[in-house]
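The values are calculated or read from the model by the stated rules, or taken from the named source; none is laboratory data. On a predicted model such as this, the values are computed, not experimentally measured, just so you know. Cβ sites come from the backbone with ideal geometry, for glycine too, and all protein chains shown count toward neighbours. Keep in mind that these areas ignore ligands, DNA and RNA; they rest on the heavy atoms of the full protein, side chains included. Shrake-Rupley method; radii C 1.70, N 1.55, O 1.52, S 1.80 Å.
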Amino acid sequence: MPTFQHQRSRGGLQSPRSQRALFFAAAGLLVAGEAVFWLMLAAVQTNSGPALLDGGVHAALVEGRSALATAVLAAVSTVTSPTWMTAIGGLVALGWATRKREIWRPALLLGAMVATFGASTIIKHQVARARPSAADFLMGPDDALSFPSGHTFGIGVFALVLVYLLLGGAGARTVRRSTAVLAYSAAALGTLLVAFSRLYLGYHWLTDVVASMGLAVAITGLVVLVDGLRAARMSMRAEAPAAVPDEQTPDPGHLAGDTTAA
């Protein structure tokens, strides 16, 4: 993840070096996230590799359930449903835009959440994977498809993108590396907790939630890329040289003075 220790050019804009670092970070996130997703999808479609772990992980979690863990994880799962996360993302973006009087960063957050909801819905219907046995569900029936996990995808994008934007985005300010590490670690842990809740409660396979985490990283990379492109364009505009007057154009005042002198 970007650590936002950007070098600045004049006027607080990003230097070319920091722009390149941001673009490399965006590319790395996109490639890594997409690689994880496609690996999980291939495993599911061929019932090989990581997909062979799905049944064993599911059975182990069902056997190890406890009343306290069920209550906590059910609450976690309830407040991080795709519908709730999209609504929460919209409210955060609206509050941010109103309080800070800015549009770009709240719009990025809202756009990421809407894209997540749409992508999750499309992929679910394209893959059409069945959930585990309904007998193992702990929160009532759910006839939605299984791959990917919408809960995990949604919280992953919300947490990672929000941290990126709050830490400043493309060159907004310098943040300590330790602060960035802690913030991204908290986002990652929150995503893992939600992923675990979906496995524990019986609604998803292991490959479902791993694929969703890959997608969340990829969407975050896309946000970083879009934000970096905008920052680079603004830097180019700000640092463009002022137009130089055409030296071949006669000065009317100068010509008038010459005529008078003659």
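Tabulated results
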| read-out | value |
| --- | --- |
| Number of the exception - ALA119 against (1) assigned to a helix (DSSP H, G or I); (2) modelled with pLDDT under 95 | (2) |
| Which listed residue is in a helix (DSSP H, G or I) and either touching a helix residue (DSSP H, G or I) at 6+ places or on another chain (Cβ under 8 Å) or farther than 14 Å from HIS204 by Cα (or both), from ALA75, ALA60 | ALA75 |
| Failed criterion for VAL181 (all others in (1) modelled with pLDDT of 90 or more; (2) touching a Gly at 6+ places or on another chain (Cβ under 9 Å); (3) open to solvent by 60 Å² or more (accessible area, probe 1.4 Å) hold) | (2) |
| Checklist (1) under 24 Å from PHE147 (Cβ atoms); (2) of a type outside the set (Gly, Ala, Ser); (3) open to solvent by 30 Å² or more (accessible area, probe 1.4 Å) applied to PHE37, failing item | (3) |
| Of residues in the stretch 101-136 being in contact with a helix residue (DSSP H, G or I) (Cβ under 9 Å, 6 or more places away or on another chain) and of a type in the set (D, E, K, R), the one surrounded by the fewest Cβ atoms within 10 Å (Cβ to Cβ) | GLU102 |
